[in-house]
Amino acid sequence: MKKHFGLGLITFLVYVFLIGPLLVIALASFSETKALVFPGKGFTLEWYAKVLTMTSFIESAKLSIVIAIAGTAIALLLGLPAAYALNRFRFKGKEFIKTLFLSPVLIPCIVLGFIMLRYVVNAYDLEVVPSLLIGHTLLSIPYVMRVVTSSLANFDFATEEAACSLGATRVYTFFNVVLPNIKSGIASACIMSVINSFNNVSLSAFLTGPGVTMLPIEIMSYVEYHFDPTIAAIATILMVATLGVMLLIEKTLGLQSVV
Amino acid sequence: MSRKKNLLGMLLVVPGVLFVVFFMLVPLFSLCLTSFFPQQSFSFSSYWGLFKDVYFQQVFMRSMRLSLLSTFVCALLGFPTAYYISKHSKHKGMMMAFAVFPMFTSPVIRSFSWMVILGKRGIVNNFLVAIGLFAKPQSLLYNEFSMTVGFVQLFLPQMILSLIGVMDNIPDDLTLAAGNLGAGRLRSFFEVVFPLSVSGLVTGSVLVFTGCMTAYTTPQLLGGADTRVLSTMVYQYAMSLRDWTQASVVAVVMIVVTMLVSSVFNTVSKKVNPIA
């Protein structure tokens with residue numbers, strides 16, 4: 001092992017750099033000091049109690065979760081049939097359509113937010129919630145398409161033919177033969193997409209309105225004027241939730257399937 | 001392939017296509033179009049005006065500089081790390097999980113953590129004052145240094161994961177063979193492992209570079225008013241100054257630059273990759 005001591009040391013330091021700051025926040029959230037400092041003093045849970053009383057954070061967290069899940073669900077409704085058709089049938093412009101579905105990931109999010117605001121929200125006078133929903137659906141479509149397309153590519157369509165020739169209808173076959181085979185792909189696509197959507201800032205920054213906002217935006221504007229351990233407490237809650245999701249993925253799908 | 005099946009295929013694709021076209025493609029075209037028609041007629045004047053503007057030049061160069069520097073640092077740190085995890089680590093699964101965890105954590109939280117660490121009362125300042133390097137604490141935030149630190153921490157996991165992806169496919173037999181043929185560890189690294197990892201390095205670099213070019217949270221939190229980058233400039237023009245023409249032009253520049261750089265990276269990778 002001594003042979004690779006140098007490499008091991010670099011790796012260790014890199015991980016300290018990646019994870020260390022997150023640990024610092026987690027530890028600072030228990031500090032009794034009014035200002036956010038590390039290393040803190042004493043041990044208290046009062047900042048966690050404070051988070052629970054701040055309605056702006058609770059409301060924006062709720063909206064963030066709803067938009068992330070609903071956006072992913074709509075993306076799946078639009079993307080799943082399309083991915084299936086692109087794999088199964090031959091028609092003109094297939095490559096173009098594939099690129100089109102993956103293209104929202106190529107456009108910088110900040111630009112996506114700006115053009116959504118200027119040419120969709122303002123042009124049609126949309127309310128905040130539907131605008132956020134449309135924007136986050138756009139964000140999720142590439143995630144859904146990429147993963148579902150690759151799991152469909154590994155699916156043997158001869159099984160589908162077999163079901164059909166044994167008398168099953170197309171719709172029945174899709175739901176009972178095709179879908180069960182690609183469901184882990186769909187699950188990992190959805191998890192990735194929900195996390196990505198939940199954490200998004202640059203798109204939501206253009207689409208949220210007064211009183212109706214998303215959690216990351218709310219945190220950002222709070223940080224601009226306050227510097228107390230409340231934010232550290234929220235961050236820690238979110239990190240624990242992330243760890244929970246990761247453990248869930250590891251137990252059910254294997255973490256390898258989502259990265 | 002029957003005509004009926006063809007129709008079914010089209011029907012399944014159409015809703016998704018309409019959604020993307022209506023909510024993204026049409027707005028994107030409108031964006032480009034309006035940026036070329038500042039007044040009724042076609043002209044490049046918005047672009048010329050922008051490129052001649054010293055403030056924009058500074059912002060543009062800063063974006064490029066920070067993105068390139070961060071990409072370079074990510075490659076420098078990511079390469080040995082990925083190599084160690086892929087070839088020598090006994091806890092590969094766990095190491096990968098620890099790289100994924102920050103990726104799943106909000107960029108707001110990750111940038112914010114540096115505000116705690118690099119701030120005036122942060123741990124770095126305490127240390128530097130304690131060893132006598134600083135006479136009194138000074139803010140290490142809101143400058144290009146803190147932005148680069150933030151970018152590297154934000155995108156290093158992507159670099160590590162794409163490198164591990166290609167390094168896992170390099171058979172150990174190859175380095176063993178190189179050793180048997182008399183190559184030292186360094187030579188076998190530079191002549192066998194490195195060339196075979198270039199594709200992963202390029203994938204990672206494109207992710208890091210485009211990520212830095214377009215990131216908004218990190219420059220907003222860790223940068224200051226005089227260290228603006230393209231993304232914060234778009235936001236400032238659009239939301240604070242309500243100058244939508246300028247915002248559009250900067251947005252188009254951002255799209256063009258990210259796409260151009262990605263394609264240059266990819267072309268270079270095809271040229272240097274020994275097996276492609």
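Brief remarks on what is shown
- Globularity ratio of the protein assembly as shown, using Cα Rg and 2.2 N^0.38 Å: 1.03
- Kirkwood Rh in Å, taken over segment B:44-272 so that all alpha-carbon pairs contribute: 19.7 Å
- Sites residue A:35 and residue B:143, calculated FRET efficiency, Cβ-Cβ separation with R0 30 Å, nearest 0.05: 0.85
- Placing +1 on the Cβ of every Lys and Arg and -1 on the Cβ of every Asp and Glu, with nothing else charged, gives segment B:44-272 a dipole about its Cα centre of roughly 340 debye.
- Extending 7 Å from Cα along the Cβ direction at residue A:27 and again at residue B:136 yields two label points whose distance is 2.8 nm.
- Kirkwood hydrodynamic radius (C-alpha pairs) into Stokes-Einstein, chain A, 10 °C and 1.306 mPa s, D in µm²/s: 75 µm²/s
- Panel order for B:217, A:236, B:245, by other beta carbons found within 10 Å of each beta carbon, from fewest to most: B:245, A:236, B:217.
- Listed pairs B:87/B:271; B:87/B:270; A:62/B:92; A:251/B:271; A:94/A:183 exceeding 30 Å between Cα atoms: A:62/B:92; A:251/B:271
- Taking label points 7 Å from Cα along the Cα-to-Cβ direction, residue B:126 and residue A:150 give a separation of 4.3 nm.
- Look at the stretch A:99-109: the mean tally of other chain Cβ atoms within 10 Å of its residues' Cβ atoms is 5.
- Table column - 3J(HN,Hα) (Hz), segment A:97-104, Karplus curve with 6.51, -1.76, 1.60, x for Gly and Pro: 5, 4, 4, 4, 5, 8, 5, x
- Folded to 0 to 90 degrees: helix A:229-252 orientation relative to chain A principal axis, Cα: 30 degrees
- Exposure proxy ranking for A:88, A:118, B:65, based on other Cβ atoms within 10 angstrom of each Cβ and starting from the fewest, stands as B:65, A:88, A:118.
- Entry for segment A:129-248 at q = 0.17, 0.20 Å⁻¹: log10 I(q)/I(0) = -0.95, -1.12, Debye formula applied to identical alpha-carbon scatterers, no solvent contribution.
- Placing a label point 7 Å from the Cα of residue B:53 along the Cα-to-Cβ direction, the residues of segment B:219-239 whose backbone N falls under 18 Å from that point are B:225-239.
- Average beta-carbon neighbours from other chains, 10 Å sphere, peptide B:111-120: 6
- Lys/Arg +1, Asp/Glu -1 at C-beta; the protein assembly as shown dipole; positive extreme among B:221, B:193, A:42: B:193
- Using alpha carbons only: equivalent-ellipsoid semi-axes of segment B:1-136, gyration tensor based, whole Å: 44, 33, 15
- Going by neighbour counts of Cβ atoms within 10 Å, the residues A:109, A:190 line up, fewest first, as A:190, A:109.
- Charge-dipole axis of segment A:55-225 as Lys and Arg at +1 and Asp and Glu at -1 on Cβ define it, positive-most pick from A:79, A:136, A:117: A:79
- Mean separation of Cα contacts under 8 Å, 6 or more apart, over the residue count of segment B:119-270: relative contact order %: 25 percent
- Over chain B, relative contact order from alpha-carbon pairs under 8 Å, at least 6 apart, %: 25 percent
- Straight Cα distances below 19 angstrom link residue B:52 to the aspartates and glutamates B:226, B:243, with same-chain residues fewer than 8 positions distant left out.
- Prolate/oblate/rounded call for segment B:104-143, Cα gyration tensor, a/c under 1.5 rounded: prolate
- Distance between segment B:20-90 and segment A:1-32 - C-alpha centres, whole angstrom: 31 Å
- Label-point separation in nm, residue A:251 to residue A:90, each point 7 Å along Cα→Cβ: 4.7 nm
Where a number appears in this text, it was derived from the coordinates with a stated rule and is not lab data. As the structure is a computational prediction, the values presented were derived from the model and not from experiment. Reconstructed Cβ throughout: ideal geometry from the backbone, glycine too, with neighbour counts over all protein chains shown.
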